[in-house]
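Working notes, beginning with the structure itself.
The values are calculated or read from the model by the stated rules, or taken from the named source; none is laboratory data. Keep in mind that this is a model prediction, so the values were computed, not measured. Reconstructed Cβ throughout: ideal geometry from the backbone, glycine too, with neighbour counts over all protein chains shown.
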């Protein structure tokens, strides 16, 4: 098994999460204490970790979720937690024949250690994937819907949590079941990141779409930057605006193991003219350490390519700076990029966990590290999740003071 590798990053802590590897991460700060909330890939439910002392994370609770259901995605804001419920994709540990739950649950987390369920929004389809919630009464969901292929964008009002209601939706015409098909994989992966009256949708092979939501009941497309044929079959996975700089970060998601797909991309989009967004640069592809005997990460096995980026989501407990990007890269671990020159982003730090010693889930086929999600708190502590291991807590060694670029 390969050991860990770190460059310009210190490893501060680790927690095995009682053998339940985390997937998506969310956080809140309450009365001077810091709580990390996690969805799980191979287990049905959610874990709460107290990370006030990052070198010694404390497991607070595991809340069981519905059987045969993905509970991998979670958002926390405004003392509420939104947990996605979704049909498990084939090959990922679910049963095709058994029932599953779908939609999303709404929780009260004003007592951060004891979530209390308030409501359940149902899509009457495959459920929701990566949703956006930054507080208030609206959830912006990547949701299945009857009569549509894959996921569309829905705005859901949770002002009455026990009676959530969809108020509008946006989709591409080719997603309608009766529409002619051209083979494109069109799906709102989410999160539909919201800045003011704009929603930024990562839409698979539909590309990066900007939607005007000034009238919440009538979303309207502003522009669409298409990457069809350039990405993996997943298409655009993340579309994260950096509004102060009129830029956005984009990436697709590595899907096939051993690089058996198009070369994955991650880069920067210029949004100065939102009607004509332009891809202006790509992140450099990670390389193995000089001590490695591999020429590239494709030789390592498992997935190699981009996955999740740190999302501040307007939360005061999370780091919000637009001169650094944190991007998980599956078997290449966490990669950190300097964005000060948006035309030439450069890697400044990385961390690759050791390969797992025990298989917990069905993937990857070769048991190598697969880093999934990253979250960075206001204090500068970095949290990463891994497919078959626990949670790592990291911190950059050398980073310049932030000032708006």
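The figures follow:
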quantity	calculated
Selected residue (only one of 301, 305 is surrounded by fewer than 22 Cβ atoms within 10 Å (Cβ to Cβ), at pLDDT 95 or above and touching a helix residue (DSSP H, G or I) at 6+ places or on another chain (Cβ under 9 Å))	301
Residue list for region 184-203, restricted to those being in a strand (DSSP E or B) and either free of Cβ contacts under 8 Å to residues at least 24 places away in the same chain or over 15 Å from residue 225 (Cβ atoms) (or both)	194, 195
Options 36, 12: the member that is part of a strand (DSSP E or B), touching a residue at least 24 places away in the same chain (Cβ under 8 Å) and surrounded by 22 or more Cβ atoms within 10 Å (Cβ to Cβ)	36
Residue, farthest from residue 319 (Cα to Cα), within region 361-405, restricted to residues that are part of a loop (DSSP other than H, G, I, E, B) and touching a helix residue (DSSP H, G or I) at 6+ places or on another chain (Cβ under 7 Å)	365
Residues located in region 202-226, provided they are surrounded by 20 or more Cβ atoms within 10 Å (Cβ to Cβ) and either at pLDDT below 95 or under 15 Å from residue 253 (Cβ atoms) (or both)	202, 203, 204, 205, 206, 207, 208
Verdict on residue 84 being in a strand (DSSP E or B) and touching a strand residue (DSSP E or B) at 6+ places or on another chain (Cβ under 9 Å)	yes
Test: residue 310 is farther than 17 Å from residue 192 by Cβ, out of contact with any helix residue (DSSP H, G or I) (no Cβ under 8 Å at 6 or more places or on another chain), touching a residue at least 24 places away in the same chain (Cβ under 8 Å) and buried (at least 21 other Cβ atoms within 10 Å of the Cβ)	yes
Pick from region 131-158, criterion touching a helix residue (DSSP H, G or I) at 6+ places or on another chain (Cβ under 7 Å) and part of a strand (DSSP E or B), ranking: nearest to residue 193 (Cα to Cα)	152
Set 197, 215, 162, 157: member being over 17 Å from the mean Cα position of the chain (by Cα) and within 26 Å of residue 405 (Cα to Cα)	197
Single condition residue 378 does not satisfy, out of (1) within 21 Å of residue 54 (Cβ to Cβ); (2) more than 15 Å from the chain's Cα centre (by Cα); (3) surrounded by 20 or more Cβ atoms within 10 Å (Cβ to Cβ)	(3)
Positions within region 50-61 being within 18 Å of residue 14 (Cβ to Cβ) and in a strand (DSSP E or B), in sequence order	50, 58, 59, 60
Residue match in region 313-332 (condition: buried (at least 20 other Cβ atoms within 10 Å of the Cβ), more than 15 Å from the chain's Cα centre (by Cα) and either more than 22 Å from residue 134 (Cα to Cα) or modelled with pLDDT under 95 (or both))	yes
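One line per residue, one yes/no per condition, for (1) buried (at least 22 other Cβ atoms within 10 Å of the Cβ); (2) farther than 30 Å from residue 362 by Cβ:
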{"site": "235", "(1), (2)": "yes, no"}
{"site": "246", "(1), (2)": "no, yes"}
{"site": "257", "(1), (2)": "no, no"}
{"site": "262", "(1), (2)": "no, no"}
{"site": "270", "(1), (2)": "no, yes"}
{"site": "273", "(1), (2)": "no, yes"}
